[in-house]
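Asks: The structure that follows is given in the form of structure tokens.
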Amino acid sequence: MNDTAIVPPMQTLEQSAARRWLGEVPIYAIGLALMALCIGLLMSRGVNPSIEGIFVNARLFGMFVVVLVAWDAGRQLYRARPVSPVAHLKARYADPGLIRTIRAGLPLLAVAIVLLPYFSKMKAAIPLFNDYTWDQAFIEWDRAIFFGHDAWQVLQPVFGYPVVTAFLALLYQLWFLLLYPGVMFFAFARIDSDVRRQFFLSYVLSWTLIGGAMATWLASVGPCFVGPMLGNPAFDAQMAYLNSANQQIPIMVLPVQEMLLEWYGKAENGLGSGITAMPSMHCAIAFLYWLAMRRISPRLGVFFGVFFVITWIGSVHLAYHYAVDGLVSLIAVAAIWKASQAIIAAWDAAVAARQATLRTNTVPAE
């Protein structure tokens, strides 16, 4: 009798997961198609599209899973103060609802794990497809906007203090969390399905179209690399300030910039490698989070709106980007966000029409 009572809920859970996965088909299909395109382009230039990056990315996600579970377990034990901590945690993590949520979100997590390494390889392979020729144009665009000044010079009176620079560098590095805990939030959190799907499709398209296609077309290295890579001294004064500030308080981005330059010299193409300025993926992903989070919570919208602005300012102040890099990213992400919404809506309409046709063609048994 108990077995019979359990069957309908299990069937409902299976149907719920199947409906979610069906709704996410455009993300899977477009993501796999773009990954295949990346692999084909890399192979056409003699780059081995190995799966090593997938394992590296999976380990990074696994590391954050361990950290988040440890934090959650500690919080649960502190709040509940159970007699048996093991039994309490077992009951929490063996909860059928939690298991269902995790299983339902795994395909989207897999998309993030598998696709990002190949998009990263495309970024590293930019010199194989195009020369870095756009920097001078972007320098002139910035100077046209800021009345003959470079953007960093306009920001310098406000942000040009070592402690402020160090703080901006810290926040700039924390952007990394958007790619791991942030993605897991959108995969597993109980949020509106439309927001989840629009976010993930925009995420995939942003890395491909902005971080891949546009970055290759508008190939540029950015202020911190324009000197050592292109012999342009336009930003020597900015780099001199950053290095001077680093003598007083560590500026976290400087070792990263040195590492990227070293990788470029060695033609490394692993996860996180590659040099490109226009458009700014830091600004693009931060802006995407603002677009999505404001649909979930007004407070989160404000927080991520501020984070986006700080990221944009930091990208200029820390010599990674020209101001126009962030501007182009903002426009491109806004367009992708709208396009993703239209794609999801079209898919839902097609699924609904198909299901209506099936119901109409089904003849009930007499």
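Asks: Restricting to the range 46-61, name every residue that is under 18 Å from Ala36 (Cβ atoms), open to solvent by 40 Å² or more (accessible area, probe 1.4 Å) and of a type in the set (Val, Ile, Thr).
Replies: Ile51
Residues are listed down the side, and each one gets a yes or a no for (1) at positive phi; (2) assigned to a helix (DSSP H, G or I); (3) in contact with a helix residue (DSSP H, G or I) (Cβ under 8 Å, 6 or more places away or on another chain):
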{"residue": "Val83", "(1), (2), (3)": "no, no, no"}
{"residue": "Ala87", "(1), (2), (3)": "no, yes, no"}
{"residue": "Ala112", "(1), (2), (3)": "no, yes, yes"}
{"residue": "Lys123", "(1), (2), (3)": "no, yes, yes"}
{"residue": "Thr133", "(1), (2), (3)": "no, no, no"}
{"residue": "Phe167", "(1), (2), (3)": "no, yes, no"}
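Asks: Do we have any residue at all in the range 170-185 that's surrounded by fewer than 17 Cβ atoms within 10 Å (Cβ to Cβ), more than 30 Å from Ile344 (Cα to Cα), out of contact with any Phe, Trp or Tyr (no Cβ under 7 Å at 6 or more places or on another chain) and not aliphatic (A, V, I, L, M)?
Replies: yes
Asks: Any idea which of Val256, Val306, Val302, Val328 is within 19 Å of Val158 (Cβ to Cβ) and either of a type in the set (Phe, Trp, Tyr) or open to solvent by 10 Å² or more (accessible area, probe 1.4 Å) (or both)?
Replies: None of the others qualify; the one that does is Val306.
Asks: Just a yes or no: is a residue in the range 345-366 at pLDDT 95 or above and β-branched (Val, Ile, Thr)?
Replies: Within the range 345-366, not a single residue is at pLDDT 95 or above and β-branched (Val, Ile, Thr).
Asks: So, one more: Note down all Cβ pairs under 7 Å where the first residue falls in the range 345-359 and is closer than 15 Å to Trp21 by Cα, the second is β-branched (Val, Ile, Thr) and surrounded by 10 or more Cβ atoms within 10 Å (Cβ to Cβ), and they're at least six residues apart or on different chains.
Replies: What qualifies is Trp347/Val25.
Asks: Restricting attention to the range 43-66, and to residues there that are in a helix (DSSP H, G or I), under 13 Å from Ser120 (Cβ atoms) and out of contact with any helix residue (DSSP H, G or I) (no Cβ under 6 Å at 6 or more places or on another chain), which single residue is modelled with the lowest pLDDT?
Replies: Residue satisfying both the conditions and the ranking: Glu52.
Asks: Are any residues in the range 236-245 open to solvent by 10 Å² or more (accessible area, probe 1.4 Å) and over 28 Å from the mean Cα position of the chain (by Cα), and if so, which ones?
Replies: Correct list: Asp236, Ala237, Ala240, Tyr241, Asn243, Ser244.
Asks: Let me ask something else about it. Considering (1) closer than 20 Å to Lys121 by Cα; (2) among the small types (Gly, Ala, Ser); (3) out of contact with any helix residue (DSSP H, G or I) (no Cβ under 8 Å at 6 or more places or on another chain), say which one Gly31 fails and leave the rest.
Replies: (3)
The values are calculated or read from the model by the stated rules, or taken from the named source; none is laboratory data. None of these values were measured; they are calculated from a predicted model. Virtual Cβ from ideal backbone geometry, glycine too; neighbours counted across all protein chains shown. Only protein heavy atoms, including side chains, enter the accessible area calculation; ligands, DNA and RNA are left aside. Shrake-Rupley method; radii C 1.70, N 1.55, O 1.52, S 1.80 Å.
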